[in-house]
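Structure first, commentary second.
Just so you know, all these numbers are worked out from the coordinates, no wet-lab data involved. A quick note: this is a predicted structure, and the numbers were derived from the prediction, not measured. Here the Cβ positions follow ideal geometry from the backbone for every residue, glycine too, while neighbour counts run over all protein chains shown.
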Amino acid sequence: MNMRTHENTDGRDETVVEFCFDPLYWPMHDCYSTTYPNQSPFHAWRAGFREGVKMCLQRGRRPTLDEFKKQVLRNLDHLTIWHNVGADAEHGEWCIAGARQGTYMTMLTAWDYTLVQDFSALAELWSTVKDSQPRLLSNQLGPELGTQLDLPMAILEAEQSSFFKYHYRSNWHNRGVMTREIDVIRQQEGW
């Protein structure tokens, strides 16, 4: 109840967009569920768009292009997956298009990135792209994301996406209900 989330923001960068930037938020390492944000093309696009925005931010604020190239390293793997993997899932190409559009609008335009938490604003934005072909939209945004942000752009086809997903987490195992991500990172890096 004391967390300052986007619903209960105090106006700081860390609290205006998403709860995950609040210092009291502890991301946990283990995974006990799976989400399916692809109920419809809109839901898939919105999930991708929101991740494309949030993974660019530095503690809730938009970084400069130079800061982005240095600080996004922790999120680069995840951002790259959102930008390129998913053609095997229903509406997966909409998810890819949304992630690329969110990153593009956050880092390469003057769009107000704090609107990512406004679902009405996202529905309006969706209405501008919903009649597009998601692969075409992705391909239009890919070259600038690659050139301006040095992000790898290579949409995997359905079979390739499925193969990647199968092997990406093949060595994953839960470590304990209360194990935080930072604890695992510290252990791996010998902190």
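Computed about the Cα centre, the dipole magnitude for the stretch 59-114 is approximately 400 debye when only Lys and Arg (+1) and Asp and Glu (-1) carry charge, each at its Cβ.
Stretched out fully, how many nm does the piece from LEU65 to PHE163 gain, at 0.36 nm a residue minus the Cα gap?
Working: separation 98, 0.36 × 98 = 35.28 nm, distance 3.27 nm.
32.0 nm is the gain from fully extending LEU65 to PHE163.
Counting other Cβ atoms within 10 Å, keep those with at most 14, restrict to DSSP loop, and tell me which trypsin sites (Lys or Arg not before Pro) in the stretch 125-171 are left. Don't skip to the end; give the middle numbers.
Working: sites: LYS130, ARG135, LYS165, ARG169; in loops: LYS130, ARG169.
In loop regions of the stretch 125-171 (DSSP not H, G, I, E or B), the sparsely surrounded trypsin sites (Lys or Arg not before Pro) are LYS130, ARG169.
Candidates GLY176, MET153, GLY98 compared by Cα position along the dipole of the chain: farthest toward the positive end lies GLY176, with charges placed on Cβ. Helical content of the chain, expressed as a calculated mean residue ellipticity at 222 nm, amounts to -15500 deg cm²/dmol (DSSP H runs of 4 or more residues, -39,500 (n - 2.57) each, divided by residue number, nearest 500).
Could you give the Stokes-Einstein D for the chain in µm² per second, using the C-alpha Kirkwood radius, 20 °C, 1.002 mPa s?
On the way: Rh = 17.6 Å.
Diffusion coefficient, whole number: 122 µm²/s.
Between TYR25 and LEU108, the modelled labels are 2.6 nm apart [label points 7 Å from Cα along Cα→Cβ].
The order of THR103, THR179, THR109, going from fewest to most other C-beta atoms within 10 Å of their C-beta, is THR109, THR179, THR103.
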